[in-house]
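To start, the structure under review is shown below, and the notes come after it.
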Amino acid sequence: MSDCLPTYVVIDASSSMKPHEAVLNATLARLHYNLAVNPRVSEFARVSVVAFSTDVHVVIPMSDMEQVPAMPEVICGGRTEYGKTFDRVRQCIEQDVRDLRSQNFGVLRPTVFFLTDGSPTDAHWQNSFRTLVDRKWPRHPHVIAYGFGGANRAVLEKVATKALFIADGSDTETALSGAISGLLNTLIASSRSGHMEIATNVTGFEYVQVAQEFVD
């Protein structure tokens, strides 16, 4: 039995990202390419891409990226709804872990990479977040957050359970590219070690160590 890391790339596609839509899609295409041409990583890190705004869209369901022909295009627009995003990710994790185990994988703690350039527009998102990361739920994920643009650091300090990266003033497009590179480097390092190993040196970002609330 081989181990795999269920990985969720959860990315803000609200209206504030509309001016950067082309760069967002080019950056996601680069992520797809780098995973697809590195079989060791794509076999270890099964990836799902989720775009959120007023609605939540699973752009790519949990997949071996080597088997995904191309990254679908993400269209930006709408509000920044955190709550329904966390609800949807929890639903995905429940199903995906079950499916991976049925394929005889040893499933590691799921990891959510949360990328946003804004503050939540829904008032009660923390209820959904607490349900997602509740330690009583055996499949609760690690959350690694990347904030850039107009992201609220105080909010993301509540979201990140494993690591937080805050853009150091770089423009949104540069920061987005840096975040995806950091995410990719984390997956490469983790595939080599066989467990979650965070790449903390991310160009354009300050790394913030967060309190370890959750045990591995």
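None of the figures in this text is laboratory data; all of them are computed from the coordinates on show. The structure presented is a predicted model; accordingly, all values stated were derived computationally and were not measured. Glycine also receives a Cβ, built like all others from the backbone with ideal geometry; neighbour counts cover every protein chain displayed.
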Length-normalised contact order for the chain - Cα pairs under 8 Å, 6+ apart - percent: 21 percent
Which labelled figure in (i) -0.38, -0.91; (ii) -0.24, -0.66; (iii) -0.33, -0.82 is log10 I(q)/I(0) by the Debye sum over Cα atoms at q = 0.08, 0.13 Å⁻¹, once derived from the coordinates: (ii)
Estimated vicinal HN-Hα couplings, Hz - the range 163-170 in sequence order (Karplus 6.51, -1.76, 1.60; Gly, Pro = x): 6, 10, 10, 10, 4, 8, x, 4
Karplus-derived HN-Hα couplings along the range 133-143 (A = 6.51, B = -1.76, C = 1.60, θ = phi - 60°), whole Hz, x at Gly and Pro: 9, 4, 5, 6, 8, x, 9, 4, x, 6, 10
Cut-off under 5 Å, modelled amide H: who pairs with ALA45 long-range: LEU5
Within the chain: Cβ-based charge dipole about Cα centre, in debye rounded to nearest 20 (Lys, Arg +1; Asp, Glu -1): 520 debye
Anchor LYS136: lysines whose Cα lies under 22 Å away (excluding residues fewer than 8 positions away in-chain): LYS84, LYS158, LYS162
Choice from GLN67, GLN126, GLN95 with maximal GNM fluctuation in the chain (Cα, 10 Å cutoff): GLN67
Mean residue ellipticity (222 nm) of the chain, computed from DSSP H runs ≥ 4 via -39,500 (n - 2.57), nearest 500: -12000 deg cm²/dmol
Coil-residue trypsin sites (Lys or Arg not before Pro) of the range 124-164, DSSP, other Cβ within 10 Å capped at 14: ARG135, LYS136
Note, ³J(HN,Hα) from phi for the range 116-127, Karplus 6.51, -1.76, 1.60, rounded to Hz, x at Gly and Pro: 8, 10, x, 8, x, 9, 9, 6, 10, 5, 5, 4
Label point 7 Å beyond Cα of ARG130 along Cβ direction - residues of the range 85-121 with amide nitrogen under 19 Å: 85-91, 120-121
Dipole-positive endmost among VAL59, ILE198, THR172 within the chain (Cβ charges, Cα centre): ILE198
Most fluctuating residue given options ASP171, ASP117, ASP96, as computed from a GNM of the chain linking Cα atoms under 10 Å: ASP171
Qualifying GluC sites (Glu not before Pro) in the range 34-88, DSSP loop, other Cβ atoms within 10 Å at most 16: GLU73
